[in-house]
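These notes are about the structure you will find just below.
Every read-out reported here was derived from the displayed coordinates using simple, explicitly stated rules and does not represent laboratory data. What you are looking at is a predicted structure, and each value in this text was computed from that prediction instead of being measured. So basically every Cβ, Gly included, is an ideal-geometry build from the backbone, and we count neighbours across all protein chains shown.
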């Protein structure tokens, strides 16, 4: 059974992007991740799942498709004109998607991007773990790490890592 994980960065004031969806604040901080690099994380991922807003943001960047060789699922009810990369469009609902993902046996699943889809999985008890990288930037507003839905949980802290000079990685498991 596949593990479903989150991996996301947040500003110190709890936002994942500016109100315009800008991530420029992310690159202001250089840090030493040691063995906890993105490259090591993504090497263990077989399937990436993202919502439409995250897909549109990535597709509009001036770069090659970053998930070549990974099963990529876009959760959307709208067609994707000129899709970037090999993609599966999922419009059958989150509950059916969770059942499908849990049936995979070829590697972990990464919930990419914004908190809405991650929150939908958390509300259903389907997010196993999450890594949150706290970047010491205060951006004053924007898209929150998690939308306010009324959902409550008490995940278990698995690890705290200081990434010099000033980034912190928090790893939680949901029971």
Inset, instruction - Report relative contact order for the chain in percent, whole number only (criteria: Cα-Cα under 8 Å, sequence separation at least 6). - result: 38 percent
Inset, instruction - Quick one: work out the % antiparallel among DSSP beta bridges in the stretch 4-173, nearest 5. - result: 40 percent
Inset, instruction - For an R0 of 30 angstrom, estimate the FRET efficiency from the Cβ-Cβ distance between residue 57 and residue 32 and round to the nearest 0.05. - result: 0.65
Inset, instruction - Would you kindly state how much longer the chain becomes between residue 64 and residue 168 on full extension, computed as 0.36 nm times their sequence separation minus their alpha carbon distance, in nm to one decimal? - result: 34.6 nm
Inset, instruction - Arrange the following residues from fewest to most other Cβ atoms within 10 Å of their Cβ: 11, 154, 166. - result: 154, 166, 11
Legend entry - Pairwise label distance in nanometres, residue 20 with residue 46, each label 7 Å out on the Cα-Cβ vector: 4.1 nm
Legend entry - Among 99, 72, 54: highest mean-square fluctuation, GNM of the chain, C-alpha pairs under 10 Å: 99
Inset, instruction - Estimate the FRET efficiency between residue 154 and residue 99 by the formula 1/(1 + (r/R0)^6), using the beta-carbon distance for r and 22 Å for R0, to the nearest 0.05. - result: 0.30
Legend entry - Cα-Cα P(r), the chain, percent of pairs per 10 Å interval: 9, 37, 41, 13, 0
Legend entry - Sequence of 162, 28 once ranked by neighbouring C-beta atoms within 10 Å, starting from the fewest: 28, 162
Legend entry - Helical mean residue ellipticity (222 nm; -39500 (n - 2.57) per DSSP H run of 4+; nearest 500) of the chain: -5000 deg cm²/dmol
